[in-house]
Amino acid sequence: MSHLLKNKELKELSKIYDWVSMCTHCGNCKYGYEYGPTANFAAMLCVQGDKFNFDSYRGSRGKVSLAKSLLHNRIGWSDKVAHVLFTCTSCGACQQMCETDIKPWILRMFETLRYEAWKQNVAIPANIKAWSSTIGTLYNPYKEPHEKRLDWLPSDVRASLPKKAEYIYFAGCTASYRRKQIARATVSLLKKLKVDFTVVADEWCCASPLLRTGQYDLAAKFVEHNKALPEKYGASAFITTCAGCYRTLGRDYTMDAPEGYADKYGKMTGVKVLHTTHLLEEMLNKGEIEFTGSFNKKVTYHDPCHLGRHAEVYETPRNVLKAVPGLQLVEMYRNRKFSFCCGAGGGVRGGFADYSLETAGKRVKEAEATGAELVTSSCPFCYTNLADAIELNKSPLKMEDIVEIIEPIVKRK
């Protein structure tokens, strides 16, 4: 089919044309649905479509039409095309609902379209351009000095950590620079549980913001740098509290296309990638954790897109929460593979803050409807967006990361 293409400039997009062409335009991607003998779930899952209400914005079908039209020169690049591409949170809901052979390639297609957009004279969101201009020297998207990456870590704790260890705690940019309490709670938890770990000053951004916004060339040196850290510090695994870091280190670094980027950057081998909830679940199952207190609150869990739909980790965080004495877990209507994105991902929080927070506000209202006192998640980026929306909407809900719930009330058996 690729011999029919007219636009020879879109080389990356042309490579996946055969997969893109497999979209049947059925429209299943536009909604969440599940049929069964006792229940018929149906709900809007696409936050972009929910906001903009046009077919181009809703699900993957509209982006497929854009991709084909650009490749065949039926339309040209414009600011409107860029708006469609960069207001998608890459939550993966449309991919979850797809039933055709394009399914595994949908998220890769979104990122490839963004890659092609960077080469055109179109309106890339100003804030994305701003952090992209400094990330290559500061190694984080928050425009913070790299030498302050470990400022969250108390000096006495830092001095007590080994130079080499079995695990590297990969804190990630958001916990390092914005949600420092999550990073501190994680280190405290790992020490309490007597995990052989260290924290490294030369951690760089995992490259998730770059990959999700289509900046393939800039991402290359980040992947190469971080892939070398385990060997440098004698580690066999990364632990991360960030869903985005988990998805990137665990899939983009290790898997072939379309799930990962081994086709571009080579494959990280011999290194495990664990989310903190994986480690907690494993230790709980082995009877290695003892609870020293209870958490007597009604809690609802928000599935981060990068941990949930992207990596299919749904039950692990819930199993950890269910093990906490006194904690009552209640579910939002849209949960697990049907979860509604917090609105922060895919560069949207940086590029379109108002729309991002409006989306988070919808999720907060859904959490309120459960009667929960507290929202928890397993991603500092979701934490930030939901916590900001809670404050903005004057919600009575509180926000805590799973690690913040667990850390004060456990010890190693």
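The values are calculated or read from the model by the stated rules, or taken from the named source; none is laboratory data. Everything numeric in this text was worked out from a predicted model, so none of it was measured. We place every Cβ from the backbone using ideal geometry, glycine too, and count neighbours over all the protein chains shown.
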Inset, instruction - Give Tyr233, Tyr246, Tyr216 a once-over and let me know the one that is under 27 Å from Lys264 (Cβ atoms), over 21 Å from the mean Cα position of the chain (by Cα) and aromatic (Phe, Trp, Tyr). - result: Tyr233
Legend entry - Cys342 modelled with pLDDT of 95 or more, crowded, with 24+ Cβ neighbours inside 10 Å and touching a Leu at 6+ places or on another chain (Cβ under 7 Å): yes
Inset, instruction - Could you check, for segment 21-29, whether at least one of its residues is farther than 23 Å from Ser339 by Cβ, buried (at least 22 other Cβ atoms within 10 Å of the Cβ) and either over 24 Å from the mean Cα position of the chain (by Cα) or acidic (Asp, Glu) (or both)? - result: yes
Inset, instruction - Hey, can you tell me all the residues within segment 33-53 that are more than 25 Å from Thr112 (Cβ to Cβ) and either within 25 Å of the chain's Cα centre (by Cα) or assigned to a strand (DSSP E or B) (or both)? - result: Tyr33, Glu34, Tyr35, Asn40, Phe41, Ala42, Ala43, Met44, Asn53
Legend entry - Counted residues, segment 370-388 - those being more than 18 Å from the chain's Cα centre (by Cα) and either on the phi < 0 side of the Ramachandran plot or aromatic (Phe, Trp, Tyr) (or both): 4
Inset, instruction - Evaluate the following for Ser56: is it touching a helix residue (DSSP H, G or I) at 6+ places or on another chain (Cβ under 8 Å), of a type in the set (S, T, N, Q), surrounded by fewer than 22 Cβ atoms within 10 Å (Cβ to Cβ) and outside any helix (DSSP H, G or I)? - result: yes
Legend entry - Pairs with Cβ under 7 Å, 6+ apart, first in segment 269-285 and among the charged types (D, E, K, R), second modelled with pLDDT of 95 or more: Lys272/Ser236; Lys272/Ala237; Glu281/Thr316; Glu281/Asn319; Glu281/Val320
Legend entry - Residues of segment 121-141 satisfying the condition of being buried (at least 16 other Cβ atoms within 10 Å of the Cβ) and either modelled with pLDDT under 95 or not hydrophobic (A, V, I, L, M, F, W, C) (or both): Pro125, Ser132, Tyr139, Asn140, Pro141
